[in-house]
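Colleague: My questions will all concern the structure given below.
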Amino acid sequence: IFSELAIRYRKSPLVTEGEPRLRDGPQAGDRLPDVKLTRDGRPTYLLKEVCGPSFHLLLCGTPEDWNADVIAELTGSFPEILALHYLSPNLTANILVDSNGEALNRLGIRDAGQYLVRPDGYIAYRCGGRDFRGVKQYLSNWYSTGPRTS
């Protein structure tokens, strides 16, 4: 039996470790670990929430500390491929709540960090902090932000 947790794409040109680098946690190219969380008081799992037909940007840390205008610009630039999620230890409506800190600890988050997760659950990009330049550059390198023409 072979576990997908053992499969890694760390050396792939399709994955990027952004700046500032996270010292701990799974690296870009690794599969995102699954952890039990809650959303709106109901149990859920991290992979259930961030896997699917789009890329998922997981913003780790206090939701109020993220710049809403910059987030709106980023998600507006990639509306067809990007879904946004917050992961926080604080109980807030419509976010992923990590009340015991297990998920944030496994992801290596001390204050704030970003994980861009591919539809298959593997990490495409990650970095510490709240600066979106790196993730925006990553997405711009691979996906057009202009209107589609036929």
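The values are calculated or read from the model by the stated rules, or taken from the named source; none is laboratory data. Computed from a predicted structure; not experimentally measured. Every residue, glycine as well, gets a Cβ built from its backbone with ideal geometry; the counts of neighbours run over all protein chains shown. In case anyone asks, the SASA skips ligands and DNA or RNA and just uses the protein heavy atoms, side chains included. Shrake-Rupley method; radii C 1.70, N 1.55, O 1.52, S 1.80 Å.
Colleague: Might you tell me the accessible area per residue for region 11-150, computed with a 1.4 Å probe and given in Å²?
Modeller: Details: 7320 Å² over 140 residues.
For region 11-150, the solvent-accessible area averages 52 Å² per residue.
Colleague: Do any trypsin sites (Lys or Arg not before Pro) in region 72-136 lie in a DSSP loop with no more than 15 other beta carbon atoms within 10 Å, and if so, which?
Modeller: Values: sites: ARG106, ARG110, ARG126, ARG130, ARG133, LYS136; in loops: ARG110, ARG130.
Those satisfying the criteria are ARG110.
Colleague: Now for a separate question. Are there trypsin sites (Lys or Arg not before Pro) in region 5-60 that DSSP marks as loop and that have at most 16 other Cβ atoms within 10 Å, and which are they? If you can, show how the numbers build up before the last one.
Modeller: Values: sites: ARG8, ARG10, LYS11, ARG21, ARG23, ARG31, LYS36, ARG39, LYS48; in loops: ARG8, ARG10, LYS11, ARG21, ARG23.
Loop-located and lightly packed - ARG10, LYS11, ARG21, ARG23.
Colleague: Another question, if that's okay. Can you tell me the relative contact order of the chain? Whole percent, Cα pairs under 8 Å, sequence separation 6 or more. Spell out each step's value before the answer.
Modeller: Numbers: 290 pairs, mean separation 45.8, N = 150.
So the answer I get is 31 percent.
Colleague: Another one. Take every Cα-Cα pair in the chain and report what % of them are more than 29 Å apart. Intermediate results must be reported in sequence, preceding the final value.
Modeller: On the way: 1291 of 11175 pairs.
Tail fraction, whole percent: 12.
Colleague: Could you work out what % of the accessible surface of region 7-150 is carbon and sulfur, using a 1.4 angstrom probe and leaving DNA, RNA and ligands out of the count?
Modeller: Values: 3730 of 7690 Å².
Carbon plus sulfur share of accessible area: 49 percent.
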